[in-house]
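For reference, the structure discussed in these notes is given below.
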Amino acid sequence: MNRSESTNNGGQDEAPTETKSTLGVVTGVALAAAAAIGIAGAVLGFGSSSSSSSETRKTMKAPGKNGEIMFRDDFEKDPQAYFSNSRKK
């Protein structure tokens, strides 16, 4: 009887010991890599719900300001005030 034959499991092939050992090592390495990625993500703030509001706010070119960038929601709140204030300067 060779290594892959077994009479205890109805004649089904069983993986050699080396293959089982290799699978255990590969699984361990994969779990360690996933844990490392998760820790790195937590440290760097990936998926964080506490991101600053400036990162999620949309921007636009400020009208009449030669390409200056401003937050879109500031302009959309009161466009009339924006133009009034820009003329005063």
Any chance you could run the full-extension gain for Leu44 through Ala30? It's 0.36 nm times the residue separation minus the Cα-Cα distance, nm to one decimal. 2.9 nm
Testing the spin-label approximation: label points 7 Å from Cα along Cα→Cβ at Asp74 and Leu23. State their distance in nm. 6.0
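Work through the residues other than Val26 whose Cβ is under 13 Å from its Cβ and net out their charges, Lys, Arg +1 and Asp, Glu -1.
Details: positive: Lys20; negative: Glu18.
Within the 13 Å Cβ shell, the charges total 0.
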Sorted by Cβ neighbour density within 10 Å, fewest at the top, the residues Arg72, Arg87: Arg87, Arg72
Using amide H atoms built 1.01 Å from N in the peptide plane, name the residues 5+ places from Thr59, or on other chains, whose amide H lies under 5 Å from its own. Arg72
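Only the coordinates and a few stated rules stand behind these numbers; no lab work does. Quick caveat, the model's predicted, so the values are computed rather than measured. Every residue, glycine among them, receives a Cβ derived from its backbone with ideal geometry; neighbour counts consider all protein chains shown.
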